[in-house]
1. Please list, in chain and number order, the residues 5+ apart from A335 or on another chain whose amide H is under 5 Å from its amide H, with Hs placed from the backbone.
2. Test of understanding: in a Gaussian network model of the chain with alpha carbons linked when under 10 Å, which of G114, G171, G352 would top the mean-square fluctuation ranking?
3. Within segment 142-254, what percent of beta bridges assigned by DSSP are antiparallel, to the nearest 5?
4. If I take R0 = 22 Å and measure r between the Cβ atoms of N218 and L260 in this structure, what FRET efficiency does the formula 1/(1 + (r/R0)^6) give, to the nearest 0.05?
5. According to a simple spin-label model (label point 7 Å from Cα along Cα-to-Cβ), what is the distance in nm between Q131 and A303?
6. Between D182 and N106, 0.36 nm times their residue separation minus their Cα-Cα distance comes to what?
7. Amide H to amide H under 5 Å from Y264: which residues, 5+ apart in sequence or cross-chain, H placed 1.01 Å off N in plane?
8. Run the dipole for the chain about the Cα centre, Lys and Arg Cβ at +1, Asp and Glu Cβ at -1, nothing else charged, and hand back the magnitude in debye, nearest 20.
Amino acid sequence: MFAVFTSARKAALTVLALLAALVLSACDTAMVGGGGPTINTSKPVPVALLVPRGSGHSGDAVLAQSLENAARLAITDLQNVQIDLRVYDTRGDAATAAAVASQAVNEGARILLGPVYGEAANAAGLAVAGQNINVLSFSNNTTIAGGNLFVLGPTFENTARRLASYAKRQGKTSAVMVHGSDVSGQVGRNAIRAALAEAGLREAGAVSHELSQQGVINAVPAVRDAVQTQGADTLFLTATTAGALPLFSQLLPEAGVSPLTTQYIGLTRWDIPAQTLALPGVQGGWFALPDPALSQQFRDRYAHTYGGPPHPIGGLAYDGIAAIGALVGAGKSDALTGAALTQSAGFKGVGGIFRLRPDGTNDRGLAVATIQNKQVVVIDPAPASFSGAGF
């Protein structure tokens, strides 16, 4: 998911820009807002949904169906807006994604929703950049964002900003970052670093760890020393519940980094799976999540409609249709241009408010939660608008 495509994408976009006489730069955000097709809002708007069906992996088939189901559920919620949803299978493959993206546009699609995986999304975006078509991908990989390609997936940058801002308001002053040595860990570290600087918190150190039990064990003394020598009051971890978090949450308190005096903050969800809530070391830790009440409403409605729960990221397809529907519903022919898609007010999705940024990334209104007595407790509700906390 986190392969780095930035340089390759910029180079390819430059070539496409010269050929199409368009300026589509992932860095020049001032020019992003103008691109996009004109549409006739009085007729059904053709929207292509690109899903990873056909990859041969059963998980991709389940995900593809969930995305399609969520998109169709969103369409039923639209008022006075007609969407002509056309589904294309990418096989979870970049080359196929590029081919079907071009096919979809040639067959009339005015915007692309999907694909999921970073390489496939990058390829699809590049394939249709010269045709003035925007792509709302389900990826969370911000290195591919920019030009005509937006990422709908929750990003480390957005989560880190929310948590760092909250920490600052709670009187925290400095943080030690603990991150994996893999690409995902490095992306997380960079997101935290930028968020700390933006919030006005001091970076008190960064400790990397290998993705193994021994790697975590080896990192614990370095984390302890950094916290103690720097006088840090916060520990910001990129570890996941399926990875290093359970071991860190046990070993760090034992080593003297007490959660009573050092605030543990997680860049990832600490409430999934539910068994994580029973770990002694995560009690009192902070993490961010979409509005729990709205998220549950979507899960309940989806289950009632389709007989089972949605895929964890299935709601992104609902969000994409909701954004498209809100813009088309205004009746303007430029509803699917970059300028329209990046309106500052944003949109309402399954987990709360969200908006697309001119650089292709996104902001999502997140709640801050903690774990008390093995239960998730929201300590700072998700904002209802982008004038709220964290924005």
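1. Residues meeting the amide H criterion: I39.
2. Among G114, G171, G352, the largest GNM mean-square fluctuation belongs to G171.
3. 10 percent
4. Efficiency, rounded to the nearest 0.05: 0.30.
5. Reported label-point gap for A303 and Q131 is 4.0 nm.
6. 23.5 nm
7. Correct list: L235, W286.
8. Using Cβ point charges on Lys, Arg, Asp and Glu, the chain gives about 480 debye.
Bear in mind that the values in this text are calculations on the coordinates, not laboratory data. Values in this document were obtained by computation on a predicted structure and should not be read as measured data. Cβ sites come from the backbone with ideal geometry, for glycine too, and all protein chains shown count toward neighbours.
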